[in-house]
Amino acid sequence: MRLKFLPSFVKRRGRITKKQEENLKNLSIFTLEDMNDLQEECTKFSSCCLEIGFGNAENISQQALSNPEVLFIGSEVYMPGIGTLLGNIKESNIKNVRIFPNDIRILLDKNPIEIFDAIKIICPDPWPKERHHKRRLINNDFLKMLNNSMKTNAYLYISTDWENYAESIAEILNNSKFFKSSTKKFLEKERLSKFEKRGEDHGRHIFKFNYQKIN
């Protein structure tokens, strides 16, 4: 299928374990098909949080276990991470996670519904080379797409360990007509994610952006 979006990631299978491969057999059970599917699932929970690019699934798994009343939607394109999340769901009997295993823009672009109480994007691909900056996920068009799917006053959290990307994100958010800076947060993270920790271990600062959708 030809996408109208410039890819913000390189979709590759990656190294996958036998356990992850086995877990992936259950992916269809937890897959979110479209926004109508999401709307139906949301009726069973008090609120809904989307995590875009959940990586090794550590954060989404922990928050889902700690907040069973919240529906967590995890978007990821890398099969090892999806396999790990499916394993966590099985081992911990997690009931409140659904997965969109593709570019999140495919879901958000069709029949948008103001449905999310929070959206989290933890260390998106920084595309550090200047000639690749156009592939970065965080841009004005993407913020508009997020806005169309978020409830009024919904929370937006973004982090990055690349200073140049942080400067770009700050400029885009500060000039946005859709979001305002906020001291409030939706479900504070208990620890750094794997990718945030990796950046810190390499001596990079973790830049965090907490915003809310404007009325």
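The values are calculated or read from the model by the stated rules, or taken from the named source; none is laboratory data. Just so you know, these numbers come straight off a predicted model, no measurement behind them. In this analysis, Cβ positions are derived from the backbone assuming ideal geometry, glycine residues included, and neighbour counts consider all displayed protein chains.
Remarks
- Scope region 119-173; condition among the β-branched types (Val, Ile, Thr) and out of contact with any helix residue (DSSP H, G or I) (no Cβ under 7 Å at 6 or more places or on another chain); matching residues: Ile121, Thr152, Ile169
- Residues that are modelled with pLDDT under 95, of a type outside the set (Phe, Trp, Tyr), surrounded by 14 or more Cβ atoms within 10 Å (Cβ to Cβ) and under 16 Å from the mean Cα position of the chain (by Cα), drawn from region 1-34: Ser8
- The single condition from (1) modelled with pLDDT of 90 or more; (2) loosely packed, with under 14 Cβ neighbours inside 10 Å that Asn102 fails is (2).
- For region 47-60, the count of residues that are at pLDDT below 95, of a type in the set (S, T, N, Q), in a helix (DSSP H, G or I) and exposed (fewer than 13 other Cβ atoms within 10 Å of the Cβ) is zero.
- Some residue of region 147-156 being surrounded by 18 or more Cβ atoms within 10 Å (Cβ to Cβ) and either basic (Lys, Arg) or in a loop (DSSP other than H, G, I, E, B) (or both): no
- Hits in region 80-105 - residues which are in a helix (DSSP H, G or I), of a type outside the set (A, V, I, L, M, F, W, C), out of contact with any Phe, Trp or Tyr (no Cβ under 6 Å at 6 or more places or on another chain) and in contact (Cβ under 8 Å) with a residue 40 or more places away in the chain: Pro80, Gly83, Thr84, Gly87, Lys90
- Close pairs from region 1-26: first within 23 Å of His132 (Cβ to Cβ) and among the aromatic types (Phe, Trp, Tyr), partner at pLDDT below 95 and assigned to a loop (DSSP other than H, G, I, E, B), Cβ under 7 Å, at least 6 apart: Phe5/Asp103; Phe9/Val77; Phe9/Asp125
- If the condition is being of a type in the set (D, E, K, R) and farther than 13 Å from Asp117 by Cβ, then region 142-192 contributes Lys144, Asp161, Glu163, Glu167, Glu171, Lys177, Lys180, Glu188, Lys189, Glu190, Arg191.
- Among the residues of region 73-88, those that are buried (at least 23 other Cβ atoms within 10 Å of the Cβ), within 14 Å of Asn26 (Cβ to Cβ) and of a type in the set (A, V, I, L, M, F, W, C) comprise Ile82, Leu85, Leu86.
- Of all residues in region 115-129, those satisfying the criterion of being over 19 Å from Glu33 (Cβ atoms) and either modelled with pLDDT of 95 or more or not in a strand (DSSP E or B) (or both) are Asp117, Ala118, Ile119, Lys120, Ile121, Cys123, Pro124, Asp125, Pro126, Trp127, Pro128, Lys129.
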